[in-house]
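Trainee: Please see the structure below; I have some questions.
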Amino acid sequence: MIQSMTGFGKAIKQLPNKKITIEIKSLNSKSLDLNTRIPSSYREKDLALRSLIAQALERGKVDYSLYIELNGEETSTQINIPVVDEYIKQLSMVVNGDRTELLKMAIRMPDALKTEREEIDEEEYNHIVIATNDALKAINLYRLDEGKVLAQDIQLRISNISKLLQQVITIDPERIVGVKERLRKAVSDLKEQVDENRFEQELIYYLEKYDITEEKVRLENHLNYFTQAINSDDSNGKKLGFISQEIGREINTIGSKSNFATMQQIVVQMKDELEKIKEQLLNVL
């Protein structure tokens, strides 16, 4: 069963002093285009997280975001008390004001706040990995549901092309009769006597040029193969894209050989259905 490349997954892990939130969004792309948004304290784990995501999602334009919210009991930013005191002393020598007003000015000065770089807590990182896996499961379920919708629409288009092919097969004898009549009329308009045997040979030659028997058989085979492939366990967008190219090749050949307005109209409808299939396949994993 096919999967869409469009999806969204989210997971939240509540720890005693922190809240971990993972969000993963994906859109269609020819390959894996992964962007990560991770707190600076976890940057050294970026490659490990990328590998985890790549194995689960394979392809698509993916945005991974890791948010860590601290509760009120813990903060990595602290007031640099000695520096702030020194600022207040210097400011009191320049301006008159109570200590509260001087503190408001001092706290905005350079180095008034200091941020201590935290070492990675492996237990906390394990919770991040668990939450990431939960978000990946969620996005893959989303992709699977979207894939079912895509598959229904694509299979409808394949069915429509198959029905149109049956119309082509039905009117093909009428087309051949029309080709013969046009060739005979063209000869009679010349008002010349022609050798009947030679004429029959020329007629066979032109009929062979217009013959679409092989194209009809190949197109039907490609449509059947496409249906089998989309329902197989190893189905993927690239494989289906290759088969759709073969389907398009046979449809184009039928159109170029048809030389019959009614059949050409059917071919146009086939091409329209195939273009819709190709648009949908751009979003198939």
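Trainee: Return His222, His127 ranked ascending by Cβ neighbour count within 10 Å, so the fewest neighbours appear first.
Mentor: Details: His222 21, His127 16.
Ascending Cβ contact count within 10 Å gives the list His127, His222.
Trainee: Using θ = phi - 60° and the Karplus curve 6.51 cos²θ - 1.76 cosθ + 1.60, what whole-Hz ³J(HN,Hα) does each residue of the range 11-20 get, with Gly and Pro shown as x?
Mentor: 9, 10, 10, 9, 9, x, 10, 8, 10, 9
Trainee: Give the range of the longest stretch in the chain that excludes all GluC sites (Glu not before Pro) found in loop regions by DSSP and having at most 15 other beta-carbon atoms within 10 Å.
Mentor: Numbers: sites that count: Glu58, Glu73, Glu74, Glu116, Glu118, Glu119, Glu192.
Value returned for the longest uninterrupted segment is 193-285.
Trainee: While we're looking at this one, here's another question. Kindly state, to the nearest 0.05, the FRET efficiency for Val217 paired with Ser51, given R0 = 51 Å and r defined as their beta-carbon distance. Before the final figure, lay out each step's value.
Mentor: On the way: r = 47 Å, r/R0 = 0.92.
So, using R0 = 51 Å, E works out to roughly 0.65.
Trainee: If each residue of separation counts as 0.36 nm, what is the full-extension length gain between Asn71 and Glu101 once their alpha-carbon separation is subtracted? Don't skip to the answer; put the middle values down first.
Mentor: Details: separation 30, 0.36 × 30 = 10.80 nm, distance 2.86 nm.
That pair, Asn71 and Glu101, stretches by 7.9 nm at full extension.
Trainee: For n ≥ 4 DSSP H runs only, could you compute -39500 (n - 2.57) per run for the chain, divide by its residues and tell me the 222 nm figure to the nearest 500? Let's see the in-between values first.
Mentor: On the way: 8 runs with 178 residues, N = 285.
When only DSSP H runs of four or more count, the value is -22000 deg cm²/dmol.
Trainee: A further question on this structure: Let me spell out the model: positive unit charges on the Cβ of Lys and Arg, negative unit charges on the Cβ of Asp and Glu, origin at the Cα centre of the chain. What dipole size does that give, in debye rounded to 20? The partial results should precede the final answer.
Mentor: Values: 40 positive and 47 negative charges, 117 e Å.
Using only the charged Cβ atoms, the result is roughly 560 debye.
Trainee: Residue-wise, which Karplus ³J(HN,Hα) couplings in Hz belong to the range 247-260, taking 6.51 cos²θ - 1.76 cosθ + 1.60, θ = phi - 60°, and x for glycine or proline?
Mentor: 4, x, 5, 5, 5, 4, 5, 4, x, 6, 8, 4, 6, 8
Trainee: Next question. What does the charge count near Asn236 come to, summing +1 for each Lys or Arg and -1 for each Asp or Glu among other residues with Cβ under 13 Å from its Cβ?
Mentor: Local net charge: +2.
Trainee: Report the label-to-label distance for Asp121 and Phe242 in nanometres (one decimal), using points 7 Å from each Cα along the Cα→Cβ vector.
Mentor: Between Asp121 and Phe242, the simple spin-label model gives 5.0 nm.
Trainee: What is the spin-label model distance, in nm, from Asn17 to Ser256 if the labels are put 7 Å beyond Cα along the C-beta direction?
Mentor: About 7.3 nm separates the two model spin labels.
Trainee: Charges on Cβ only, +1 for Lys and Arg, -1 for Asp and Glu, centred on the Cα centroid of the chain; of Leu219, Asn283, Ile230, which one is farthest towards the dipole's positive end?
Mentor: Final value for the positive-end residue is Leu219.
Trainee: May I pose another question? Using the charge dipole of the chain (Lys, Arg: +1 at Cβ; Asp, Glu: -1 at Cβ; taken about the Cα centre), state which of Gly147, Pro173, Val94 has its Cα farthest towards the positive end.
Mentor: The listed residue farthest towards the positive side: Pro173.
Trainee: Moving on. Quickly work out the Gln228-to-Lys89 label distance, labels modelled 7 Å from Cα along the C-beta direction, and quote it in nm with one decimal.
Mentor: Output for this residue pair reads 8.7 nm.
Trainee: What FRET efficiency, computed as 1/(1 + (r/R0)^6) with R0 = 22 Å and r the Cβ-Cβ distance, is obtained for Val149 and Val268, rounded to the nearest 0.05? Spell out each step's value before the answer.
Mentor: Values: r = 27 Å, r/R0 = 1.21.
Efficiency, rounded to the nearest 0.05: 0.25.
Trainee: Here is a further query. Determine the alpha carbon to alpha carbon distance for each of Lys25/Lys276; Lys137/Lys163; Lys45/Lys276; Lys18/Lys148; Lys13/Lys276 and list only those over 31 Å. Display every interim value, and only then the final one.
Mentor: Numbers: Lys25/Lys276 25 Å; Lys137/Lys163 39 Å; Lys45/Lys276 42 Å; Lys18/Lys148 38 Å; Lys13/Lys276 41 Å.
Checking Cα-Cα distances, Lys137/Lys163; Lys45/Lys276; Lys18/Lys148; Lys13/Lys276 exceed 31 Å.
Trainee: On a 0 to 90 degree scale, rounded to 10, what angle separates helix 122-189 from the longest Cα axis of the chain?
Mentor: Computed tilt is about 20 degrees.
Trainee: Please compute, over every Cα-Cα pair in the range 15-88, the percentage with a separation greater than 18 angstrom. Walk me through the intermediate numbers first.
Mentor: On the way: 1497 of 2701 pairs.
In whole percent, the share of Cα-Cα pairs in the range 15-88 beyond 18 Å is 55.
Trainee: Considering only C-alpha atoms, what is the centroid distance from the range 250-285 to the range 131-161, in Å?
Mentor: Each part's Cα centre sits 25 Å from the other's.
Trainee: Could I ask something else about it? Please state the Cα pair-distance histogram of the chain with 10 angstrom bins from zero: what percent is in each bin?
Mentor: Pairs per bin, as whole percents: 6, 19, 16, 14, 12, 10, 8, 6, 5, 3, 2, 1, 0.
Trainee: On to the next question. Can you work out ³J(HN,Hα) from phi for every residue in the range 232-245, in order, using Karplus 6.51 cos²θ - 1.76 cosθ + 1.60 and θ = phi - 60°, giving whole Hz and x for Gly and Pro?
Mentor: 7, 5, 9, 5, 8, x, 5, 4, 5, x, 4, 5, 5, 5
Trainee: Here's another thing I want to ask about it. In units of 2.2 N^0.38 Å, what is the alpha-carbon radius of gyration of the range 95-165? Numbers along the way, then the final one.
Mentor: On the way: Rg = 29.6 Å, N = 71, 2.2 N^0.38 = 11.1 Å.
After normalising by residue count via 2.2 N^0.38 Å, the value is 2.66.
Values in this text are rule-based calculations from the coordinates and carry no lab data. In this text, all values refer to a predicted model and were calculated from it rather than measured experimentally. Cβ: placed from backbone, ideal geometry, glycine included. Neighbour counts: every protein chain shown.
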